[in-house]
1. For segment 1-50, which positions are out of contact with any Leu (no Cβ under 9 Å at 6 or more places or on another chain) and charged (D, E, K, R)?
2. For the subset of segment 3-37 comprising residues that are in a loop (DSSP other than H, G, I, E, B) and among the aliphatic types (A, V, I, L, M), which member is nearest to the chain's Cα centre (by Cα)?
3. From the list ALA16, ALA44, ALA69, which one is aliphatic (A, V, I, L, M) and without any contact (Cβ under 8 Å) to a residue 12 or more places away in the chain?
4. Could you tell me how many of the residues in segment 6-32 are more than 24 Å from ALA69 (Cβ to Cβ) and loosely packed, with under 13 Cβ neighbours inside 10 Å?
5. When the residues of segment 54-76 are filtered to those that are hydrophobic (A, V, I, L, M, F, W, C) and at pLDDT 85 or above, which remaining residue is surrounded by the most Cβ atoms within 10 Å (Cβ to Cβ)?
6. Please state which one of SER51, SER79 is modelled with pLDDT under 85 and farther than 21 Å from PRO2 by Cβ.
7. For segment 1-13, name all the residues that are in contact (Cβ under 8 Å) with a residue 12 or more places away in the chain and farther than 24 Å from ALA75 by Cβ.
Amino acid sequence: MPITITVKVNGPYLIAGDDVAQVRIVDPTGHPLVSAKGSGKTIALCRCGASVTKPFCDGTHSRIGFQGAEEAQRAADTSAPS
């Protein structure tokens, strides 16, 4: 299976695939970051900005009611006066 990045609705970016162990995630200075959860076939990257383990997802998005841009825009569109 090729490496695929999926944007989860109101959740993280998921990097998945047979060779996900080959994915290198580096900090702004180029130093590799190691994910405790990156040992399987999926790496979850934070999209809400509130994870304690940034850039990796720790599930905080669920506790804070994070809405991805798509959901937030839909909510704004449906509540806007016509």
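1. Scanning segment 1-50 gives ASP18, ASP19, LYS37, LYS41, ARG47.
2. Selected residue: VAL9.
3. Answer to the selection: ALA69.
4. Final tally of qualifying residues: 11.
5. For segment 54-76, the residue satisfying everything is CYS57.
6. SER79
7. MET1, PRO2, ILE3, THR4
The values are calculated or read from the model by the stated rules, or taken from the named source; none is laboratory data. What you see is a predicted model; the values in this text were computed from it and never measured. Quick reminder, even Gly has a Cβ in these numbers, built from the backbone with ideal geometry, and neighbours come from all protein chains shown.
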